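Novice: Got a structure for you, written out below as structure tokens; questions coming shortly.
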Amino acid sequence: MDFLFRTQRTIVEFDGRVKYGNPKALFDEKNREDELRRLGYEMVRIIWTDLDRPDFVRAKLLEAFDRARRNSAA
């Protein structure tokens, strides 16, 4: 986990190709993400080039915050 927005129940992770070069690492990451979602967290994945588009990153975060808010109210 690279960033946690605790109040908004949203986790941000930076992804890169090297991180998932191993099929087991990808499988383990998927299982970990499934568990975090089961616990009620939203996941936002970004790559370094996304940081060149701050409006895009902001929109992804706001969408995740909104989903988390709706899911916690349900």
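Just so it is clear, none of the values below were taken in a lab; they were calculated from the coordinates. Just so it is clear, the model here is predicted, and its values are computed rather than measured. No Cβ is skipped: glycine too gets one built from the backbone with ideal geometry, and neighbour counts run over all protein chains shown.
Novice: Shape call for segment 1-41 from the C-alpha gyration tensor, a ≥ b ≥ c root eigenvalues: rounded (a/c under 1.5), prolate (a/b greater than b/c) or oblate?
Specialist: Here segment 1-41 falls in the oblate category.
Novice: Kirkwood Rh and Cα-based Rg: tell me the resulting Rg over Rh for the chain, rounded to two decimals.
Specialist: Rounded to two decimals, Rg over Rh is 0.99.
Novice: Further question: Count charges around ASN31 for me, please; just the other residues with Cβ under 14 Å from its Cβ, Lys/Arg as +1, Asp/Glu as -1.
Specialist: Net of charged neighbours comes to 0.
Novice: Which order do the peptides 39-47, 1-9, 22-30 take when ranked by the mean count of other beta-carbon atoms within 10 Å per residue, highest first?
Specialist: My ranking of the peptides, most packed first, is 39-47, 1-9, 22-30.
Novice: Give me Rg/Rg_expected for segment 26-69, where Rg uses Cα atoms only and Rg_expected = 2.2 N^0.38 Å with N residues.
Specialist: Dividing the Cα Rg of segment 26-69 by 2.2 N^0.38 Å gives 1.30.
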